[in-house]
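Below is one structure, written out as structure tokens; the observations come after it.
Bear in mind that the values in this text are calculations on the coordinates, not laboratory data. Note that the structure is a prediction, hence the values are computed from the model and not measured. Note that we place each Cβ from the backbone using ideal geometry, even for glycine, and neighbour counts take in every protein chain shown.
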Amino acid sequence: MTMAEAIRRFVPDGATVAMGTCLEPAIPFAAGHEMIRQGRRDLTLVGPISDALFDQLIGAGCVAAVRAAWVGNVSEGLGHCYRRATELGEPRPIRVYDYSNFSISLALWAAAWDAPYLPTRTLLGSDILRTNPELQVVDGVVRVPPLRPDVAVLHVQRSDAWGRAHLWGPLGISEEAGLAARSVVLCCEELVDPEITLSDPNRILLPETRVVAVVHEPGGCHPSPLQGHWRRDHAAYRAYAERSRTREGFRGWLEEWVLSVPDRRAYLERLEAEAVRVRVHRPSAPADYGDE
């Protein structure tokens with residue numbers, strides 16, 4: 001399935017979408033850019049630290065609400081589109097539900113386990129309780145209610161066509177997001193035979209029954225890093241930060257890197273992506289699953 005088909009079928013207007021669940025690595029920028037090209041509206045974005053992806057979707061007018069621990073541009077600081085939306089309502093106002101990295105994980109686990117809430121004391125004394133009224137203090141603990149995305153979009157190193165995916169490096173809250181969501185769209189660097197994924201069953205991220213689409217999308221996480229494949233493209237983040245300081249600058253960036261680019265292959269050709277491809281590989285030692 002192509003990225004365009006996956007977004008068209010499984011990310012409708014008004015959907016609640018978990019993205020960027022590994023924090024800084026493996027952020028599915030290609031999927032987010034396709035949502036922009038297809039003109040998605042009224043999305044609710046869910047994630048811990050999405051780097052600049054949430055900022056781009058907000059600037060494109062795709063977003064009605066954000067449920068996240070942080071929105072910005074990690075190495076450059078502010079997310080200028082996010083700031084304009086929250087302070088000025090440009091290009092449209094958005095509703096923000098604040099979480100910590102830990103409490104958004106609890107919200108997703110509560111949904112995955114079908115629990116009415118999960119308790120924590122970590123938010124006591126913080127302003128997060130003021131900005132997110134859904135978090136209630138009862139008997140001295142904070143009750144975090146379940147958060148169930150309509151779809152989780154995850155970028156992984158490899159997957160087979162059945163949706164058995166291998167993801168390594170920082171996982172963030174990818175497992176809980178995939179288990180909490182009603183469906184999962186997988187974007188993978190490598191589409192491999194089942195013999196490869198089943199040879200290392202402990203590394204399989206999610207039951208394949210959760211997966212509704214597998215998209216072979218090499219480079220789909222650029223400019224974020226992906227262990228074994230891509231280094232973080234600091235220059236791309238820096239350029240985006242500078243251009244997105246103004247609404248006009250952001251519109252120019254959006255036209256150049258999203259709207260006038262038909263797909264990720266064309267994006268990588270324009271980028272000259274080889275400059276940020278991993279050059280030094282350090283494979284892990286094989287695991288022996290023999291039992292006879």
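Once the mean of 1/r is taken over each pair of separate Cα atoms and inverted, the chain shows a Kirkwood hydrodynamic radius of 19.4 Å. Mean separation of Cα pairs under 8 Å and 6 or more residues apart, divided by the residue count, gives the chain a relative contact order of 19 percent. Annotation: peptides 259-266, 215-222, 5-12, 153-160, ranked by per-residue average of other Cβ atoms within 10 Å with the highest first, follow the order 153-160, 215-222, 5-12, 259-266. Counting only whole DSSP H helices of the chain, there are none at least 20 Å long by C-alpha along their axis and with mean Kyte-Doolittle hydropathy no lower than 1.6. Amide H contacts of Leu206 (H built 1.01 Å from N, in plane; Pro and chain starts excluded): Ala165 sit under 5 Å, all sequence-distant by 5 or more or on other chains.
Please compute one quarter of the surface area of the Cα convex hull for the stretch 1-52 and express it in square nanometres. Mean shadow area of the hull around the Cα atoms is 3.4 nm². Over all distinct Cα-Cα pairs of the stretch 207-276, the Kirkwood formula returns a hydrodynamic radius of 13.8 Å. Put a plus charge on the Cβ of each Lys and Arg, a minus charge on the Cβ of each Asp and Glu, and nothing anywhere else: the dipole of the stretch 148-246 about its Cα centre is then about 500 debye. Listed peptides 162-169, 193-200, 71-78, 285-292 appear in the order 162-169, 71-78, 193-200, 285-292 once ranked by packing, highest mean of other Cβ atoms within 10 Å at the front.
When Rg and the Kirkwood radius Rh are both evaluated on Cα atoms of the stretch 1-98, their ratio Rg/Rh stands at 0.94. Positive end of the dipole of the chain (Cβ unit charges, origin at the Cα centre): among His281, Trp70, Ile94, the Cα lying farthest that way belongs to Ile94. Each residue in Met1, Met35 was given a count of other beta-carbon atoms within 10 angstrom of its own, and listing them fewest first yields Met1, Met35.
Across the stretch 119-258, the mean sequence separation of Cα contacts (distance under 8 Å, 6 or more residues apart), normalised by length, yields a relative contact order of 19 percent.
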